[in-house]
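The values are calculated or read from the model by the stated rules, or taken from the named source; none is laboratory data. These figures come from a predicted structure and were not determined experimentally. All Cβ positions, glycine included, derive from the backbone under ideal geometry; neighbour counts span all protein chains shown.
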Amino acid sequence: MKKIKYLILLLGLLIIPAFDVHASSASISCSSAGTVTVGNRITVTFTGNYSGNNRDMLMWRASGVEWTSSKLNANFSNSAIGEDGTLSRSYSFTATNVGTATVRLVNVDVADGDQLIGPGGVSNSCTINIVAPSPSSNSHNSSSSSSSSSSKNNINDKDSDNSLKSLSIDDQKLNPEFNKDTLEYSVELENNVEKIKINAETTSSKSSIKGTGEIDVKEGLNKIEVVVTAENGSTRTYIINATVKEKDPIKVKVAGKEYTIVRKLDGLKIPTTFTEKEITISNEKINACYNDNINYTLVALQDDKGKVNFFIYNERKNIYSKFNMISSTDLNVIVLKLEDKDDIPYNYKKTTFKYNDETIEGFVYGKSDFRVIYGINTVTGEEDFYQYDTKDNTLQRFFNEQTNLYVNLIQKCKLAFIILGSIVLLFTIIIIALLSKNVKFKKKYLKNRLNEIDDPNYNKIRYEDIEENNEELEEKLSKKELKKLKKEEKRKEKSEKTFLDE
């Protein structure tokens with residue numbers, strides 16, 4: 001009985017799961033010169049220690065620096081890591097604009113439980129200060145230092161205010177209302193308007209302004225720029241999108257909202273990877289944009305507030321849908337709606353975020369800076385998940401395949417433990433049932449045995465009887481029969497004693 005109890009305890013311990021999915025780990029440090037002059041190259045070096053399988057993605061701000069390393073694709077696996085787990089990786093960039101640029105290396109990892117599955121592991125970044133070339137850089141070394149110092153002092157002493165105090169158009173209303181920090185406005189003009197007068201006043205009396213006064217406009221969109229230049233040379237540009245109504249506007253509805261088709265693309269920036277193409281809508285010739293790789297057509301639509309945006313136009317079905325494209329250095333992705341909710345990446349939730357003042361639908365894991373979108377690559381035509389970094393404004397392919405591998409592994413492990421637990425539970429039930437049956441049998445046997453002993457007609461020969469009446473029995477039974485009888489009665493008495501002890 002005690003052995004059976006120990007067996008049940010051992011089976012119970014086996015039911016407790018004891019597995020874990022270990023994520024790889026990494027630590028990264030970054031170093032660079034810190035400051036570079038426009039037009040010069042700068043090298044950024046990342047060093048670190050890794051364990052496990054890691055994939056890394058180099059990301060940098062789109063403005064300020066240009067990629068100049070030999071390979072444009074900066075992804076690398078643990079093949080770039082030494083046998084001792086150390087990493088040393090350098091990248092070269094060319095400074096393009098005055099300001100600040102950030103180069104960031106992100107370790108993409110996979111984990112389980114409360115840890116992140118997907119992107120967002122260890123990361124580090126270097127900030128690069130980009131300065132303008134010294135005006136005296138071509139002078140002799142003897143005068144270079146004093147000239148540069150003088151130039152810097154003069155720039156620091158000059159007024160840097162390049163904002164407007166007011167901006168308006170005679171007899172017209174700007175949308176939205178003027179604010180010195182709002183740089184783009186729109187206005188809708190009647191079809192007979194050929195000229196408008198733009199009025200503006202600078203905040204600082206030391207700054208200058210271009211783009212005001214009488215401006216000629218034509219039917220369709222007219223993009224007008226008002227440029228303010230501060231005393232120190234810095235500029236700020238205010239944009240007015242003035243749209244002159246067409247004589248016979250073509251009206252369409254998108255998601256219940258009315259828009260007007262823009263026939264000409266003058267003043268509009270054609271999206272990357274698209275080219276201009278003439279199409280026919282309602283028997284009218286319309287200038288549209290077309291991408292041959294993905295067979296997408298874009299049409300410009302204007303809302304009732306004068307704002308113009310591109311929409312995806314399905315010529316066969318004659319329907320329009322929202323167009324949002326997220327772009328990075330060598331990647332352009334049109335955001336698509338994910339139809340099947342089951343395809344949402346594991347542990348990610350629906351969310352929205354801003355990109356170029358447009359609201360984009362995507363997915364987020366916890367409080368991460370990364371957003372995952374579903375879209376189509378405008379070059380390859382591949383529909384997939386892509387990861388956008390809201391902090392660094394960079395885009396790359398989402399490593400969903402790696403995540404799914406780990407998720408499937410975890411699910412298989414869980415299923416295996418469920419099956420194992422079920423088998424152990426079934427085996428335990430069988431053991432308990434057998435034990436219960438054995439107890440009942442013993443109780444019944446004991447009861448019958450006691451009844452036999454209490455019965456006055458009980459004539460069974462016990463072992464004690466055999467010993468006391470040995471001579472009498474020897475006369476009646478043969479030696480063989482007597483020996484067998486003794487052995488049987490001794491076994492029965494031993495069984496009864498063992499049963500009572502238990």
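Tell me, yes or no, whether region 246-264 has at least one residue that is assigned to a strand (DSSP E or B), more than 30 Å from V131 (Cβ to Cβ) and at pLDDT below 90.
no
Report the residue count in region 209-244 for those that are surrounded by 13 or more Cβ atoms within 10 Å (Cβ to Cβ) and more than 17 Å from Y185 (Cα to Cα). Outline the logic, then answer.
If we filter region 209-244 for residues that are surrounded by 13 or more Cβ atoms within 10 Å (Cβ to Cβ), which is where we start, we get 209-212, 215, 217-224, 226-232, 234, 236-244.
In the following step, the residues that additionally are more than 17 Å from Y185 (Cα to Cα) were identified as 209, 218-219, 229-232, 234.
Number of matching residues: 8.
Check whether at least one residue in region 329-336 is surrounded by 17 or more Cβ atoms within 10 Å (Cβ to Cβ), under 16 Å from the mean Cα position of the chain (by Cα), outside the structural domain of F311 (by TED's automatic domain parsing) and part of a strand (DSSP E or B), and report yes or no.
Yes: one or more hits.
Go through region 238-254 and give me each residue that's in contact (Cβ under 8 Å) with a residue 24 or more places away in the chain and within 37 Å of the chain's Cα centre (by Cα).
Y238, I239, I240, N241, V252, V254
Name the residue that is farthest from the chain's Cα centre (by Cα), counting only residues in region 271-294 that are closer than 20 Å to S327 by Cβ and surrounded by fewer than 16 Cβ atoms within 10 Å (Cβ to Cβ).
Applying the filter and picking the extreme gives E276.
Name the residues in region 181-208 that are crowded, with 16+ Cβ neighbours inside 10 Å and within 13 Å of I239 (Cα to Cα), would you?
Y185, S186, V187, I198, A200
Could you please let me know if F363 is in contact with a Phe, Trp or Tyr (Cβ under 6 Å, 6 or more places away or on another chain) and assigned by TED's automatic domain parsing to the domain that holds I281?
no
Identify, from the list E219, E177, the residue that is without any contact (Cβ under 8 Å) to a residue 40 or more places away in the chain and among the acidic types (D, E).
Exactly one residue qualifies, and that residue is E177.
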